[in-house]
Amino acid sequence: MSAECVAERSGDRTEPNGPVRRGALLGREREQRELADVIDSVFAGGTGVVLVRGEPGVGKTALVTAAADGAGKAGASVLLGRAVAFEQSLSNALLQVLLLNLVDGPTQVASQHVSTLRLALGLDAGETPTPAVLASAAVSLVDEMSTRAPVVIVVDDLLHADESSAAVLE
């Protein structure tokens, strides 16, 4: 399943009984439903991609973060990362954000691909894997994870991703 969700500023809103609560996603029912439909598809064994686009400040981050939180609470393995412009010159910066806990931390997974990813992320010394080998290892790791639980990958501000991470995510 593939979808595009457009986040637009909907103006100031008030609840029937008073002001808007901080953190509420009022007026986002359509966008939340579109994201939930894709996540439901993943839980049903399918795959999905959603591009959330909109002007700065319209709530895209809040929208995708809420969707990621919901997916995690429902039992999905959630890989959440945010690309930042100042890391564009660092190879695999976004991949490190997404995968670090899986290859070096308390939630490390047992996989034959971990050593390749650790080399690519600069955690181990050795020959850096080629982009094709890195992409294969990342996809294989996510595939292995998906045998235990649905996997939801959320990347905020993908336009700022470093070139090598963006190539793997494509």
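The values are calculated or read from the model by the stated rules, or taken from the named source; none is laboratory data. All figures in this text were calculated on a predicted structure; none of them were measured in a lab. Using ideal geometry, Cβ is built from the backbone for each residue, glycine included, and neighbour counts are taken over all protein chains shown. These accessible areas exclude ligands, DNA and RNA; they are computed on the full protein's heavy atoms, side chains included. Shrake-Rupley method; radii C 1.70, N 1.55, O 1.52, S 1.80 Å.
Looking at the stretch 131-152, which of its residues are polar (S, T, N, Q) and open to solvent by 50 Å² or more (accessible area, probe 1.4 Å)? S136, S146, T147 - these are the residues of the stretch 131-152 that are polar (S, T, N, Q) and open to solvent by 50 Å² or more (accessible area, probe 1.4 Å).
Scanning the stretch 80-100 for residues that are surrounded by 17 or more Cβ atoms within 10 Å (Cβ to Cβ) and part of a helix (DSSP H, G or I) returns E87, A93, L94, L95, Q96, V97, L98, L99, L100. Taking the stated definitions as given, is G126 over 26 Å from S164 (Cα atoms), small (G, A, S) and not in a helix (DSSP H, G or I)? Taking the combined requirement at face value, the residue does not satisfy it. Of the residues examined, V52 is one that is free of Cβ contacts under 8 Å to residues at least 60 places away in the same chain and either over 13 Å from the mean Cα position of the chain (by Cα) or open to solvent by less than 40 Å² (accessible area, probe 1.4 Å) (or both).
Screening A149, A138, A62 for residues that are touching a residue at least 40 places away in the same chain (Cβ under 8 Å) and either in a helix (DSSP H, G or I) or in contact with a Pro (Cβ under 8 Å, 6 or more places away or on another chain) (or both) leaves exactly one candidate, A138.
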